[in-house]
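Data first, discussion second: the structure below is written as C-alpha cells.
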Amino acid sequence: MSYSPDGQHQPYRSEGQYQQQPQGGPYAQPYPPRDHQSPHGPSTPPYGVPYLPEEPGRRPSRVRRWVIAGVSVLALAGIAALVLNHYEIPPFTDKGTAVSFGKTPGGPRGGGSDGKAPANSKALMPTDPTADFKNSMTLPDGTHVAVATLDGKKSGFKGKVWVWAPKEYNDPKFAKSGFPVMIALPGGAGYPSNYWMGTDLGLQTSIGKWYAEGKSKPFILAMPVLNPQPDDKGVYWDGSDIPGQPKMGTWLTDDVPDFMKANFRTVKSRDGWAFMGSSTGGFAGLKAVLKHPDKFKAVIASGPDIVPDSPLWKGHDKEKAENNPELLAKELIDKKGPDVYLAFQVGTDESNKNTLPNVQKFIATYGKGPIHTDLRVIQGGKHNAKTYVPNMGEGPIQFISKVMEGPVE
C-alpha cells in the first residue's frame with residue numbers, strides 16, 4: 001500500500017509584491033501588533049535591534065528551499081512507508097490479517113443452508129475445525145496466500161502450512177462446488193518455509209492463467225513444510241516415516257489432506273487430489289501417489305530423485321524398501337491398479353546428470369498397466385523452480401488435469 005502524508009504540500013505563494021522600505025524602517029509587521037501583549041511584555045524587536053528587510057533577489061532562494069523541503073518530506077514519507085511495509089506494520093500492509101476463504105463468521109462455507117452437501121454430492125463441504133489463517137501476501141487479483149500452524153494429529157508433527165485458493169473459489173456460481181487440491185512440495189530443506197508460497201515463482205498466478213486458457217483445473221494449493229527442521233548437516237527425511245524420526249510421510253499424506261478438508265470445499269474422491277514437487281519434493285510426491293493410490297491420483301514430479309537416499313534410513317532396510325517408488329510401482333502393476341498419472345519434468349542441464357537417465361529408465365520399466373506417465377524434457381533447463389513452473393503449463397498440468405475432477409457438486 002502506498003502512503004501519502006495527511007494533507008497536501010502547499011507551495012510557497014507570495015502575498016503581494018515586496019515593498020522595499022527605508023533602511024531601518026518597519027517591514028509588514030515583523031512582530032505582532034503593538035496592542036498584543038506577550039508574556040514577555042510589549043512586542044518590540046529584541047535588544048533594540050531593528051528588523052532589516054531582505055535584500056532584493058533573495059526571494060527565489062527561499063522558494064527553492066521550500067520546494068526542496070517539500071520534496072524531501074515526501075521522499076522521507078515514501079521511504080518510511082516502505083520500511084513500515086517491510087516490517088509488516090499496519091496500515092501499510094495487510095500481512096498478518098485474518099483470512100476466511102469464504103466463510104462468514106458463524107456461517108456455512110457453501111452447500112445448502114446448513115452448509116452440508118447432498119449425500120450423493122461429489123463435493124465435500126468443510127468438516128471443521130476452522131484454522132486460524134493469517135495473510136502472508138495478497139496477489140493482484142485479490143486472492144491471498146495465507147498461513148496457519150497445523151498440529152498433526154496422526155503424525156504428531158506440528159508445522160506450518162501455506163494455502164492459496166483461486167478467485168473462482170469465492171465465485172457465487174461455485175458456492176456449492178468442491179475444488180481439486182494440489183499439495184505442492186519444495187526441494188531443498190523445505191523448512192522453515194515452503195518456497196512455493198512466495199509469489200516470485202509465479203505458481204499461483206500461473207494456475208489462474210492456465211485455468212483461464214483451459215489447460216488446468218482451478219487447484220487449491222496446500223504448501224506444507226517438507227522437513228521437520230533445516231537440513232544444514234545434509235540430513236533430510238525423504239518425506240517419509242523413518243523409524244525414530246518425525247513421521248513426515250504421515251504428515252504429508254494424512255494430516256495435510258485432513259487439514260484441507262476441514263477448511264475448504266474439496267472433492268470427495270481421489271480424483272480431486274494430486275501432488276507436485278521439485279527435487280526432494282518431487283520424490284516425496286511421486287512416492288506418496290504410488291504408496292497411496294487410493295487417496296491421490298496424480299503427481300507432477302520435476303527433477304526428482306527416484307529412490308530414497310536419506311542417510312537416516314541406515315539400519316532400516318525394510319522400511320526403506322516400503323518407501324521406494326520403483327518397488328511401489330511394481331507392486332501397483334502387480335495389483336493391476338488403481339490407475340495413477342505421473343508427469344515428469346527434467347532439464348537437460350540438471351545439476352545431477354543422472355536425473356534424466358534415471359527418470360527415463362523408470363518410465364521404460366514401470367510406465368505400463370495402471371501407471372500412466374508423461375515426460376517433458378526441458379532443453380537447457382536447470383535444477384530449479386524457475387525452470388519448472390513455466391514448463392508445467394506446456395504439458396504436465398494438462399496431462400493430469402485431463403484425468404482429475406473439479407469443480408464438482
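Of note:
- Accessible surface, per residue, of region 171-210 when the full set of protein chains is kept, probe 1.4 Å, Å²: 35
- Subtracting the Cα-Cα distance of residue 205 and residue 69 from their residue separation scaled by 0.36 nm leaves 44.8 nm.
- Separation in nanometres of the label points that stand 7 Å from Cα toward Cβ, at residue 379 and residue 330: 3.7
- Modelled spin-label separation between residue 386 and residue 307, with each label point placed 7 Å from Cα along the Cα-to-Cβ direction: 3.4 nm.
- Within the accessible area of region 141-216 (1.4 Å probe), percent carbon and sulfur: 52
- Solvent-accessible area of residue 236 with every protein chain in place, 1.4 Å probe, in Å² to the nearest 10: 50
- Viscosity 0.692 mPa s, temperature 37 °C, Stokes-Einstein D of region 305-363 from Kirkwood C-alpha radius, µm²/s: 248
- Residue-normalised accessible area of region 275-406, expressed per residue, 1.4 Å probe, Å²: 42
- Under-5 Å amide H pairs with residue 375, H placed in peptide plane, nonlocal only: 344
- Against the criterion of solvent-accessible heavy-atom surface with a 1.4 angstrom probe, 405, 331, 350 sort, most first, into 331, 405, 350.
- Amide H to amide H, with H built 1.01 Å from N, residue 273 comes under 5 Å of 181, 297, counting only residues 5 or more places away or on other chains.
The values are calculated or read from the model by the stated rules, or taken from the named source; none is laboratory data. Here the structure is a predicted model, which means the values were calculated and not measured. A quick note on method: Cβ atoms are made from the backbone with ideal geometry, for glycine too, and the neighbour counts reach across all protein chains shown. When the accessible area is computed, the model is the full protein with side chains, heavy atoms only, and any ligands, DNA or RNA have been set aside. Shrake-Rupley method; radii C 1.70, N 1.55, O 1.52, S 1.80 Å.
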